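*Asks:* Sharing a structure below in structure tokens format, with a few things to ask.
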Amino acid sequence: MKRTLSALAAIAIAAAAFVVLAPFAGARTTATTVHVTAKDTLRFTLSTKKAPHGKTIFKVVNKGTLRHDFAIAGKKTKLLGHNGTATLTVTLSKGKHPYKCTVPGHAAAGMKGVFTST
Ligand SMILES: [Cu+2]
């Protein structure tokens, strides 16, 4: 009888732990993909400028003829030529993260913005 009770208690504790910890485990493994288009108007178009914090995957395509890159959170893609693509995976903390093209003059001309991690 005593053994059955402790076994039941162990199951109850395990179930409770799962309920408490599962949402955190889910947040850690869920990644958001953001599609980024670079254009010669010296602007970026993002499929979304806001996502839950954590792993964020930026899939960048350069639709311009000038060369562009995409930099955020201390990481950047290689320089992309026309129709060039790159994937940049970053782990973003909660808050605002500025992004930009690092080609001289481009960010100053408007090739920049702010991505918000919620
Ligand atoms: Cu650029």
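The values are calculated or read from the model by the stated rules, or taken from the named source; none is laboratory data. Just so it is clear, the structure is predicted and the values come from calculations on it, not from any experiment. So basically every Cβ, Gly included, is an ideal-geometry build from the backbone, and we count neighbours across all protein chains shown. Heavy atoms of the whole protein, side chains included, go into the accessibility calculation; ligands, DNA and RNA do not. Shrake-Rupley method; radii C 1.70, N 1.55, O 1.52, S 1.80 Å.
*Asks:* Students often check this: by mean Cβ neighbours within 10 Å, which of 90-99, 108-117 ranks highest, and how do the rest follow?
*Replies:* Averaged packing, sorted descending, gives the order 108-117, 90-99.
*Asks:* Give me the percent of accessible area attributable to carbon and sulfur for segment 65-110, probe 1.4 angstrom.
*Replies:* 56
*Asks:* Let's test the formula: R0 of 35 Å, r as the Cβ-Cβ distance of residue 78 and residue 116. What FRET efficiency results, to the nearest 0.05?
*Replies:* 0.85
*Asks:* Now for a separate question. What's the ranking of 53-61, 41-49 by average number of surrounding C-beta atoms within 10 Å, highest first?
*Replies:* 53-61, 41-49
*Asks:* Just to confirm, what accessible area per residue do you get for segment 31-117 at 1.4 Å probe, in whole Å²?
*Replies:* 53
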